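Contents: one structure, followed by commentary.
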Amino acid sequence: MDLTRPVVDPPLSAPPTPVVGPSAAPPPPVDVAAPATEEHRHSGLFFHADLGGGYLRTTGSRGGSTFAGQGGAFGLGLAIGWAPNDEWALALEGWGWKSLSASGLGPYTSVELQGLGLNITRYIVPVDLFATVVVSGTRLAITDASDNVEEAHSDIGFGLRMRLGKEWHVTPWLGLGVAAEFFLSVNRDGGQTLRTLGGGLLFSCTGR
């Protein structure tokens with residue numbers, strides 16, 4: 001060994017020590033819980049409003065001759081009540097259909113069918129199909145076609161409002177829907193019997 005040469009540690013002839021970089025292995029997966037789906041929360045309160053268009057026909061007899069008024073109509077309804085669970089609802093409902101054409105009961109007059117009754121609604125969950133029957137007391141109002149002033153009305157009679165539809169929830173409590181409707185009414189006016197039939201397509205807003 002040459003004592004006059006400096007000692008290098010490690011020796012210059014030794015190969016360089018390799019530099020170990022960070023591991024290229026991917027980090028272990030992190031379990032992330034899926035966001036909870038917002039579910040329908042039943043509150044007990046039931047609210048329903050609808051409006052739409054359809055067809056209305058009123059027939060009767062006067063002085064031994066029959067008459068009929070028929071044509072397009074506009075309908076609406078409002079119900080407030082109680083839903084004991086997600087499948088049933090009971091409510092007080094006011095509803096009406098107004099003819100958009102002449103009534104046949106007088107010149108320049110139209111017919112408006114008005115009803116107030118018990119709404120019984122059955123839901124099929126979770127798809128939110130529903131069927132509703134409204135057993136009602138009804139009357140026919142004869143209004144002036146130009147200014148909608150009531151000129152006469154029938155006695156209180158019996159009526160039914162029935163609809164079948166589907167709802168989609170936009171919040172856990174509120175849903176928007178569409179339904180097909182059929183309605184009927186039998187009323188007396190003096191010595192004549194008035195029969196009203198009709199149906200239509202409704203759009204609704206329901207909270208339950």
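Overview of results
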| quantity | calculated |
| --- | --- |
| Some residue of region 154-165 being closer than 16 Å to Ala79 by Cβ, part of a strand (DSSP E or B), modelled with pLDDT of 90 or more and touching a Leu at 6+ places or on another chain (Cβ under 6 Å) | yes |
| Search result, residues across region 124-153 that are part of a strand (DSSP E or B) and among the aliphatic types (A, V, I, L, M) | Ile124, Leu129, Ala131, Val133, Val134, Val135, Leu140, Ala141, Ile142, Ala152 |
| Region 73-92 residues that are touching a residue at least 40 places away in the same chain (Cβ under 8 Å) and within 13 Å of Ser43 (Cα to Cα), paired with ones that are assigned to a strand (DSSP E or B) and of a type outside the set (A, V, I, L, M, F, W, C) (beta carbon under 6 Å, 6 or more apart) | Ala89/Thr121 |
| Count of residues meeting criterion [over 11 Å from the mean Cα position of the chain (by Cα) and crowded, with 16+ Cβ neighbours inside 10 Å] in region 164-185 | 4 |
| Condition met for Arg122 (surrounded by 15 or more Cβ atoms within 10 Å (Cβ to Cβ), charged (D, E, K, R) and under 19 Å from the mean Cα position of the chain (by Cα)) | no |
| The listed residue being under 13 Å from Asp128 (Cβ atoms), without any contact (Cβ under 8 Å) to a residue 60 or more places away in the chain and hydrophobic (A, V, I, L, M, F, W, C), out of Leu160, Leu174 | Leu174 |
| Any hit, region 64-74, residues being surrounded by fewer than 18 Cβ atoms within 10 Å (Cβ to Cβ) and more than 27 Å from Gln192 (Cβ to Cβ) | no |
| Extreme residue, farthest from the chain's Cα centre (by Cα), among residues of region 129-153 that are among the hydrophobic types (A, V, I, L, M, F, W, C) and modelled with pLDDT of 95 or more | Val135 |
| Residues of region 73-103 satisfying the condition of being part of a strand (DSSP E or B) and either of a type in the set (Val, Ile, Thr) or more than 22 Å from the chain's Cα centre (by Cα) (or both) | Ile80, Ser99 |
| Residue check, Leu105 closer than 23 Å to Ala180 by Cα, surrounded by 13 or more Cβ atoms within 10 Å (Cβ to Cβ) and either modelled with pLDDT of 95 or more or of a type in the set (A, V, I, L, M, F, W, C) (or both) | no |
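The values are calculated or read from the model by the stated rules, or taken from the named source; none is laboratory data. Since the structure is predicted, the reported quantities are computational estimates derived from the model, not experimental observations. Cβ coordinates were reconstructed from backbone atoms using ideal geometry, including for glycine residues, and neighbour counts include every protein chain displayed.
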